[in-house]
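First comes the structure, then the notes that go with it.
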Amino acid sequence: MKKIILIFGVIALSFSCKNESKAEAISEPVETENPQFSIVIHGGAGTIKKENMTPEKEAAYQQKLEEAIRVGYDILKNGGTSLDAVEKTINVLEDSPLFNAGKGAVFTHEGFNEHDASIMDGKTLNAGASAGTKTVKHPINLARAIMEDSPHVMLSGKGAEIFATEQDLEIVDPSYFYTERRFKSLERAKEKDIIEQDHDGDTPKKIASYYDDDIKDYKMGTVGCAALDKNGNLAAGTSTGGMTNKRWGRIGDSPIIGAGTYANNNTCAVSSTGWGEYFIRGMVAYDISALMEYKELSLAEASKEVIQNKLTKLGGTGGIIAIDKNGNMVMEFNTPGMYRATMNDKGELYVGMFKD
């Protein structure tokens, strides 16, 4: 009898160790030396705290982040391009109502969902972007089509939608993007008269003081991906629904090359998330690359300098995910949390949400 109990005890201990190993693979970032390929994603930055998150909601975010990054990982593992990995990974996030992009996009003041996106090829420095579209199901696909099939870098509004139709991209009725959660956030934002404009200075006149999970970070919310493929090519992409209660055709940093997205095979690929106006003013994504190129800083050093010093001094909040030409990955943010995940060529997965 004692032998049987001992055997079951060993089995239980072994099972427990396996589960702990799996948990560690998800809770701790893993770095490998000169990986063949790697991929990093984000799903927005802001006041993301464990105490504000139900176990069910936390599990839902973790599951979707893992699902998305594994799509890109499989593409890279099978020899696919970094551009394909970035695009298809972002598609998964655009299809989820959890994130402020695609299906989960926030509402404008007028009650619409308007999408911005951009993508950049680190090999050629070619780029594409779209802004203010209401009917394109996957804005990141439109950004790539603009990059590859038009002579332009950015298209907006109706013109961008016409181009999308000509490229046979999937078009949906604007009602497809409606979610009750986001619409209620708009109503609460209007009640609190949350605005961003200050024509007399740099400090916004009114900031969200109403602590609601969906609107207290109404300036945040984006999805993005950066990847390095087996051929040594970098790519980055970003997609967003913008800012809750935004007005007057406001466009943030996500479709701005150099602010929300940048990729250069000589340095790194970057996707940004945060208060877009400050990311535009700081040209955050390009600034990280420039510090690497001209001051020879590492990706980690450059990212920390830009996010924790330059951006913070401006008054901006948010973060970036980035990957350098050697496959090193960084997830830098100055907010309490950022939805994020990484995978390397060994299949080691990291998923994070909170600062610690």
Rounded to the nearest whole number, the per residue volume of the convex hull around the C-alpha atoms of segment 217-274 in Å³ is 67 Å³
Sorted by chain and number, the residues with a modelled amide H under 5 Å from that of Gly132, at a separation of 5 or more or across chains, are His115, Asp116, Gly157
Flagged as over-length at 29 Å C-alpha distance, from Lys64/Lys137; Lys57/Lys230; Lys50/Lys103; Lys325/Lys355; Lys64/Lys304, the pairs are Lys57/Lys230
Sorted on mean Cβ neighbours within 10 Å (highest first), peptides 142-152, 222-232, 91-101 come out as 222-232, 91-101, 142-152
Output ordering of 309-318, 283-292 (per-residue mean of other Cβ within 10 Å, highest first) is 283-292, 309-318
Phi angles of segment 120-136, converted by Karplus (6.51 cos²θ - 1.76 cosθ + 1.60, θ = phi - 60°) into ³J(HN,Hα) in whole Hz with x for Gly and Pro, give 9, 9, x, 6, 9, 6, 6, 8, x, 8, 9, 9, x, 8, 10, 10, 8
Distribution output for segment 45-104: share of Cα-Cα pairs per 10 Å bin in percent, first bin at 0, values 22, 44, 27, 7, 0
To the nearest 0.05, the calculated FRET efficiency linking Asn126 and Phe354 through their beta-carbon distance, R0 being 56 Å, is 0.95
Once Glu58, Glu293 are ranked on solvent-accessible area with the largest value leading and a 1.4 Å probe, the list reads Glu293, Glu58
Sorted on mean Cβ neighbours within 10 Å (highest first), peptides 264-271, 109-116, 155-162 come out as 264-271, 109-116, 155-162
Two pseudo-spin positions, 7 Å from Cα along C-beta at Lys295 and at Thr54, lie apart in nanometres by 4.5 nm
In Å, the Kirkwood hydrodynamic radius from C-alpha pairs for segment 263-344 sits at 12.4 Å
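The values are calculated or read from the model by the stated rules, or taken from the named source; none is laboratory data. Quantities reported herein were computed from a predicted structural model and do not represent experimental measurements. Cβ atoms come from the backbone with ideal geometry, glycine included; neighbour counts cover every protein chain shown. The protein model used for the area step is the full one, side chains on, heavy atoms only, and it has no ligands, DNA or RNA in it. Shrake-Rupley method; radii C 1.70, N 1.55, O 1.52, S 1.80 Å.
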